[in-house]
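Derivation of every value follows stated rules applied to the coordinates shown; laboratory data play no part. Just so it is clear, the structure is predicted and the values come from calculations on it, not from any experiment. Note: ideal-geometry Cβ built from the backbone for every residue, glycine included; neighbour counts use all protein chains shown.
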Amino acid sequence: MRVAHISDVHLGYRAYSRTNELGVNQREADVMRAFRTALRGALQTEPDLMVITGDLFHAVRPPNSSLITAYKYLTELQSQRRGAPLVIIAGNHETPRIAESGCILALLSHISGVQVVYDQMTQLELPALDACLLCIPSRGVGDIAQRILEPNPKFRWNLLLLHGLLEGVTPFALERPIDKQKIVRDEWDYIALGDWHLYTQVAPNALYAGATEFTSTNIWEEAGSPKGWILYDTTTRTHAFQEIPTRAVHDLLPIDAADLTAAELNSAIESRANAIETFDGAIVRQRVNNLLPELRSQIDGELIRELKMRALHYHLDLRPPRVGFRSHQSHHRDSGDEETRMTLVDEWRLFAQHYPLPADLDRESFIALGVRYLEGDEAP
Ligand SMILES: [Mn+2]
C-alpha cells in the first residue's frame with residue numbers, strides 16, 4: 001500500500017505586511033500555494049491512502065478565504081481520486097481548548113472519502129484497503145500514557161497517525177514529551193507523525209513529514225532545511241521525500257561588530273545581502289553581535305530601507321555586547337557560540353508555539369507579547 005503523508009500545512013498563516021496583487025497577505029498565499037503543490041504531487045503518484053497529520057489550519061478559526069480555498073482544493077482532489085481514502089487528524093493549532101467548541105476540520109468530513117479525527121484517540125477501519133489506522137489527534141495525546149497501543153490483527157496493514165512531539169526530537173526540552181518507546185514500534189507498518197516542522201526520520205517506519213512551508217515561529221532555525229511531503233510504501237517500508245519549492249528563507253552569517261568601524265559594518269551588511277542570489281523576495285535575518293550604541297546610530301538607514309524593499313522581509317537583529325564576554329581572549333570562542341546558541345526569545349517562541357491556549361486567545365499576539373517583554377523597548 002502506498003501512502004501520501006502531508007503535515008503541518010498551516011493554512012491561514014499570515015506574516016509580515018506584504019500583500020500580493022489580489023490583496024492577500026503574501027505569506028498566506030505562499031502557504032496555500034505549497035498546499036496545492038503538495039496535493040498535485042500526491043495526486044500524480046496515485047497513492048492508495050492520503051493522510052494529513054495535523055495543523056492543516058494555522059488557527060482554531062482560520063480566515064474564510066483559506067477555509068473556502070482549502071475546501072475547493074480538497075473537493076477537486078477527492079473527485080479526481082474518486083473518493084479514495086483521505087484521513088485528516090487535528091493538530092494543536094486547530095484544536096480549541098474547550099472540546100464543546102467543535103473543530104473546523106469537521107466541515108471537511110463532508111467531502112467524498114475524507115475522514116476526520118479531532119477529538120479522542122480513534123481506530124479507523126478502512127476495509128477497502130485492508131487497513132486499520134490508529135489516529136491520535138492533538139487532544140488524544142494526553143491519553144497515550146494510560147492506553148495500550150497495538151495494531152488490529154484483523155487487518156493486513158496497521159498505521160499509527162499522531163500529532164505530537166516525541167521525546168528526543170526537539171533540540172529544546174519539552175514539558176510533556178511523548179514516550180518514544182510507546183509509539184515507535186516495529187509492529188506498525190507506518191507511523192505517520194506531525195507537529196515537528198522539519199522532515200525527520202525517527203525510524204525507517206516512523207517519519208515526521210515536516211511542514212510544507214516555513215510557518216513555525218522559529219523559521220531561522222529551519223532555514224536551509226527542505227519542505228515537502230512523504231510517499232511511503234508499506235510493503236517495502238521505504239519512503240521518498242518529495243520536496244516542495246517554498247519562499248526562500250535566509251539566516252545570514254552574523255556580523256561581529258566588536259572591532260568594526262561604521263563604514264566596515266555597513267559594507268559587511270551590504271555584502272552579506274548581495275552574496276545571496278535569491279535575496280529579492282526572500283525572508284532574511286541579519287544578526288549583528290557586539291554592537292555598541294554609538295556604532296548603532298551610524299548604520300546606513302538608506303541601505304537598510306533598500307534591503308527592506310527588496311526582500312519580502314528583512315530583519316536586522318542588533319545585539320549589544322553581552323556583559324562579561326568582552327575580553328579578546330574569549331572573543332573568538334564566544335562569537336562561534338553565538339551562531340548556534342538559541343536566544344531566550346527563540347526558546348520562548350518554540351515553547352509558546354506548542355503551549356495549549358484558550359480558543360479565543362490569538363497565538364501570534366500572545367507570542368509577540370512575550371517577545372516584547374523579553375526584548376524590552378529597545379528592540380528594533
Ligand atoms: Mn504545526
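The table below lists the values:
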| read-out | value |
| --- | --- |
| FRET E, pair residue 174, residue 238, Förster distance 30 Å, beta-carbon r, rounded to 0.05 | 0.55 |
| Among 150, 264, 167: highest mean-square fluctuation, GNM of the chain, C-alpha pairs under 10 Å | 264 |
| Computed [θ] at 222 nm, deg cm²/dmol, the chain (DSSP H ≥ 4; -39,500 (n - 2.57); rounded to nearest 500) | -8500 deg cm²/dmol |
| For residue 124, residues with placed amide H under 5 Å, excluding near neighbours | 133, 134, 135 |
| Note, ³J(HN,Hα) from phi for region 13-30, Karplus 6.51, -1.76, 1.60, rounded to Hz, x at Gly and Pro | 5, 10, 7, 6, 9, 5, 10, 8, 5, 9, x, 8, 3, 4, 6, 4, 5, 4 |
| From the C-alpha gyration tensor of region 104-203, square roots of 5λ in Å | 23, 17, 13 |
| Long-range lysine pairs (8 or more apart or interchain), the chain, Cα under 30 Å | 6 |
| Candidates 209, 192, 99, ranked by Gaussian network fluctuation over the chain, Cα under 10 Å, top entry | 99 |
| The chain: mean projected area of Cα convex hull, nm² | 20.5 |
| Environment charge at residue 211 (Cβ cut-off 11 Å; Lys +1, Arg +1, Asp -1, Glu -1) | -4 |
| Most mobile listed residue (210, 113, 91) in the chain, GNM with C-alpha springs under 10 Å | 113 |
| Surface/4 estimate of mean projected area, convex hull on alpha-carbon atoms of region 1-120, nm² | 7.6 |
| Fewest-first ranking of 365, 112, using other Cβ atoms within 10 Å as the exposure measure | 365, 112 |
| Relative contact order of region 271-315, pairs being alpha-carbon contacts under 8 Å that are 6 or more residues apart, as % | 61 |
| Relative contact order computed over the chain (Cα-Cα under 8 Å; 6+ residues apart), in percent | 14 |
| Prolate/oblate/rounded label for region 176-249 (Cα gyration tensor, a/c 1.5) | oblate |
| The chain - share of DSSP beta bridges that are antiparallel (%, nearest 5) | 35 |
